[in-house]
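Visitor: Next up is a structure, given as structure tokens.
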Amino acid sequence: MIKIAKYVLYDIVRSRFILFYAAFLLVVTFSMYSLDSDPGKSTLSLLNIILLVVPLVSVIFTTTHFFNSYEFIELLLSQPVNRRTIFMAEFFSVALALSLAFLIGVAFPMILLAYSAATMYLILSGLLLTFVFVSLAFLASVTTRDKAKGIGVALLFWIYFTLIYDGLVLYVIYSFSDYPLEKVTLILSSLNPVDLARIIILLKLDLSALMGYTGAFYKNFFGSNFGIIYSFMFLILWTGVPLLFALRKFAKKDI
């Protein structure tokens, strides 16, 4: 697996898309911290961009790469190589390439200009979100041989988790505002990796007031060591579960 992953990773890193992605993040990060003297406000502004851009780039690049690599995958399958080995090599290569671009574009300037606990949590959350949406994109890709359909399904994941889901949660909160909803909102937040990342950073920036009347509960729970571990464990689960389903589908897929 390591040999295959090295070859695929080397090929991806040389692509213009990854270089453009890293350069875009680098320019945006430096711009945010140059325009505002308050590092907290700059981090918050950058958070909003990252929560939209990182998942979007992850799903688009992953699905495009997978379908463009079909001939290479078929060649590998003709060799005495296990299907699971090929799939995991592809997954880690894509995830590591996107993570490397994220580290260059976001982590490096943030550590250089505004090192703090909040920025470190933002970096870690961004890396985990990269793995989460790469995993979801692979799941979308292995379910069909049609490239347009695969990209469409992957984009639906992005639209649902970044745009639609929050609207549904707000509807539930306002519809049942007369009832205690702290535990319900905790469960609902756990079902969205983007929300988990947002909550962690907002609490580290001490902006729990932006979360409304459930902010105090979030601060008590997610602000504790257990809450942080809980959040990151769920982000890891959001990577592992779709990846497991995608792996099982790929192992039985007629290429």
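Visitor: Within the stretch 176-255, which helices (runs of 4 or more DSSP H) (wholly inside it) include 2 or more residues that are touching a helix residue (DSSP H, G or I) at 6+ places or on another chain (Cβ under 8 Å) and either among the hydroxyl-bearing types (Ser, Thr, Tyr) or at pLDDT 75 or above (or both)? Please lay out each step first, then the result.
Guide: Values: elements: 182-190, 193-204, 215-222, 225-252.
Qualifying helices (runs of 4 or more DSSP H): 182-190, 193-204, 225-252.
Visitor: Determine which member of the set Leu51, Leu26 is within 28 Å of Leu139 (Cα to Cα), within 20 Å of the chain's Cα centre (by Cα) and in a helix (DSSP H, G or I). Break it down stepwise before answering.
Guide: On the way: Leu26 fails: within 28 Å of Leu139 (Cα to Cα).
From the options Leu51, Leu26, the qualifying one is Leu51.
Visitor: Do any helices (runs of 4 or more DSSP H) lying entirely in the stretch 58-121 carry at least 1 residues that are of a type in the set (Asp, Glu), out of contact with any Gly (no Cβ under 9 Å at 6 or more places or on another chain) and at pLDDT 85 or above, and which ones are they? First the steps, then the outcome.
Guide: On the way: elements: 70-77, 83-102, 108-114.
Where helices (runs of 4 or more DSSP H) fall fully within the stretch 58-121 and carry at least 1 residues being of a type in the set (Asp, Glu), out of contact with any Gly (no Cβ under 9 Å at 6 or more places or on another chain) and at pLDDT 85 or above, they are 83-102.
Visitor: For Pro80, work out the one condition from (1) touching a Phe, Trp or Tyr at 6+ places or on another chain (Cβ under 9 Å); (2) surrounded by fewer than 14 Cβ atoms within 10 Å (Cβ to Cβ) it doesn't fulfil.
Guide: The failed condition is (1).
Visitor: Let me ask you something else. Any chance the stretch 126-145 includes a residue that's basic (Lys, Arg) and closer than 16 Å to His65 by Cβ? If you could, list the steps in order and put the result at the bottom.
Guide: Narrowing the stretch 126-145 to residues basic (Lys, Arg): 145.
Add one more test, that the residue is closer than 16 Å to His65 by Cβ, and what stays is 145.
Yes, the stretch 126-145 contains a residue that is basic (Lys, Arg) and closer than 16 Å to His65 by Cβ.
Visitor: How many residues are under 29 Å from Lys252 (Cα atoms) and buried (at least 24 other Cβ atoms within 10 Å of the Cβ) when one looks only at the stretch 118-130?
Guide: Pass one, the stretch 118-130, residues under 29 Å from Lys252 (Cα atoms): 128-130.
This time we only want the ones that are buried (at least 24 other Cβ atoms within 10 Å of the Cβ), so: 129-130.
So the answer is 2.
The values are calculated or read from the model by the stated rules, or taken from the named source; none is laboratory data. Please read these numbers as outputs of a predicted model, since none were measured by experiment. Using ideal geometry, Cβ is built from the backbone for each residue, glycine included, and neighbour counts are taken over all protein chains shown.
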